[in-house]
Structure formats: structure tokens, C-alpha cells
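Working notes, beginning with the structure itself.
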Amino acid sequence: MTKQYKAEKIVPYNDNEAKTKQVKTMFDSIAKTYDKLNITLSFGIDRIWRRKALAALKKHSPSTILDVATGTGDLAILAYKKLSPEKITGIDLSEGMLEVGREKVAKENLENNITLLCQDCLNLEFADNTFDAVTVGFGVRNFENISKGYAEMFRVLKPGGVLMVLELSTPEKFPMNMLYNFYSSKVIPTVGKLVSSDTKAYSYLNQSIRAVPQGEEMAAIFRNVGFKTVKFSRYTFGICTCYIGIK
């Protein structure tokens, strides 16, 4: 029986609908304000995290990349600029987020290099052994079934391919853990209410960060679906963690 993780039980709105459906609804509702609020809440540090995580992929020289939970396409666009692959395919549940992402891709004149598609990461519409690398930026906590999501990403990776997951995490050491708990539980929901009409979305953000598997628990999921070489690095006192797995 597949283990159920706490994050899978955390939902944006209610207990009557599947998490996948609720996450889609939530991101559709906040798509227009997502980028602005994301930069505000992270003070722009999320851009540094993305660059560091992609630097870990550079030695693998991937030609084809799948960006799961691509959202508005920030990681996919940066990956193209930093890694120069032949093709990047981004997938996401939310058409609202993808519409914003496609506008960004067009603005960068990268329509021939980056394609954004609406797909569910739990049922990827790609053949086995398709991609050299798979990336996920701040999306795993939204998976309805984390193990199945990882298994699907493993399936579409070529042998020797690499999975890179960048995810928010909670600092372990004092006083950063105390400061972060205050910021995530008080500041994030408050600012979210001021900027977004979806007041529950940013309360969900705080809860999902606390619940998502972290450190060795997250690394264990990589190993359980077949990744043999797994490592992780913590960024900014443990506020963010980068996980790397090789198929």
C-alpha cells in the first residue's frame, strides 16, 4: 500500500473534492497576481534558488527537459537561458497560470523552444524514456499523490536522466525556525489577502509547506520509485531545499 503523506491531505478549500481539482481552481483564481505576490513574499530570493538549482543540472547537459507544475513558466524560461537545451516542455493543471506563462514565453521569443501544455503530473501524456531531465519548482506540495507523481516523472526520464525538485521547507535551527514560523503563519496569509481575492489560497500555502515531506523523507520517495543516486541541499537557512535524483 502506498504511503499517504500529510501534504496530500492539505487542501485549499474543502474535504468534498479531490485535491487536484481544488489546486487547479485555486491557481486559476490567483494566476494574474501570482508572480507579483510571489516576488513580494520571497523578497526575490526565489530567483536565486532557481539559479542555484539549475546550476546543479548544468553538468548533465540535458537536451530535452520536462518542467512539471510549470505555473507561469519562470523555471522553464530560466532553464532555457541557463542550460540551452533543444526543447523544454512545461506542464501544469491550471490553464490560467499557463496563459500567463505563454505570454512570458512569447515576450522572450521562445515559442519554438518552450511549449506549455495543460496536463496532470499524475498521468503524464508522454512515452517512457522521453526526457533527459525533469524539473519541479515549488509544486510537489500540491500533488494529490506524491509517490505517483514521482513514479510518473521517473517513467518519462531516460536512463541516466536527472530529476531536480525545488521545494519550500521549514528551517530546523533556532532562531530562524521561530522567525520563519511567524512569517509563514502570519505574514504570508495577511499579504495574500491584501493582494488576492482568494483568501484561502495563501493560508493553504503556509499549511502545505509545513506538511510536505522534507529532507530525508523526501529523498526516500525518490529512492522508493527507483532513483539510485539521491542528494539534497538546503538553501537560505533551510527555507528551500533542492533535491536531485538520477535514474
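The values are calculated or read from the model by the stated rules, or taken from the named source; none is laboratory data. Given the structure is predicted, the values throughout are model-derived calculations rather than measurements. Here the Cβ positions follow ideal geometry from the backbone for every residue, glycine too, while neighbour counts run over all protein chains shown.
Can we say Tyr235 is more than 22 Å from Asp128 (Cα to Cα) and touching a Phe, Trp or Tyr at 6+ places or on another chain (Cβ under 7 Å)? Spell out how you get there, then give the answer.
Values: more than 22 Å from Asp128 (Cα to Cα): yes; touching a Phe, Trp or Tyr at 6+ places or on another chain (Cβ under 7 Å): yes.
Yes.
Would you check if Tyr204 is surrounded by 21 or more Cβ atoms within 10 Å (Cβ to Cβ) and touching a strand residue (DSSP E or B) at 6+ places or on another chain (Cβ under 9 Å)?
So Tyr204 does not fit the description; no.
Tell me whether the range 55-73 contains one or more residues that are buried (at least 16 other Cβ atoms within 10 Å of the Cβ), assigned to a helix (DSSP H, G or I) and within 18 Å of the chain's Cα centre (by Cα).
Looking through the range 55-73, none of the residues is buried (at least 16 other Cβ atoms within 10 Å of the Cβ), assigned to a helix (DSSP H, G or I) and within 18 Å of the chain's Cα centre (by Cα).
Return the residues of the range 207-247 that are at pLDDT below 95, out of contact with any strand residue (DSSP E or B) (no Cβ under 8 Å at 6 or more places or on another chain) and among the β-branched types (Val, Ile, Thr); say none if nothing qualifies.
Thr236 - this is the single residue of the range 207-247 that is at pLDDT below 95, out of contact with any strand residue (DSSP E or B) (no Cβ under 8 Å at 6 or more places or on another chain) and among the β-branched types (Val, Ile, Thr).
Considering each residue of the range 159-193, count those that are surrounded by 20 or more Cβ atoms within 10 Å (Cβ to Cβ) and part of a loop (DSSP other than H, G, I, E, B), and give that number.
1
Answer yes or no as to whether Leu157 is in contact with a helix residue (DSSP H, G or I) (Cβ under 7 Å, 6 or more places away or on another chain), at pLDDT 95 or above and not small (Gly, Ala, Ser).
Working: in contact with a helix residue (DSSP H, G or I) (Cβ under 7 Å, 6 or more places away or on another chain): no; at pLDDT 95 or above: yes; not small (Gly, Ala, Ser): yes.
It is false that Leu157 is in contact with a helix residue (DSSP H, G or I) (Cβ under 7 Å, 6 or more places away or on another chain), at pLDDT 95 or above and not small (Gly, Ala, Ser).
What residue, of Leu110, Leu93, Leu116, Leu98, is modelled with pLDDT of 95 or more, aliphatic (A, V, I, L, M), closer than 21 Å to Val212 by Cα and surrounded by 15 or more Cβ atoms within 10 Å (Cβ to Cβ)?
Working: Leu110 fails: closer than 21 Å to Val212 by Cα; Leu116 fails: closer than 21 Å to Val212 by Cα; Leu98 fails: closer than 21 Å to Val212 by Cα.
Step by step, each of Leu110, Leu93, Leu116, Leu98 is checked, and only Leu93 is modelled with pLDDT of 95 or more, aliphatic (A, V, I, L, M), closer than 21 Å to Val212 by Cα and surrounded by 15 or more Cβ atoms within 10 Å (Cβ to Cβ).
If I filter the range 13-31 for residues that are exposed (fewer than 13 other Cβ atoms within 10 Å of the Cβ), modelled with pLDDT under 95 and in a helix (DSSP H, G or I), do I get at least one hit?
no
What number of residues in the range 120-154 are part of a loop (DSSP other than H, G, I, E, B), touching a strand residue (DSSP E or B) at 6+ places or on another chain (Cβ under 8 Å) and either buried (at least 19 other Cβ atoms within 10 Å of the Cβ) or among the small types (Gly, Ala, Ser) (or both)?
3
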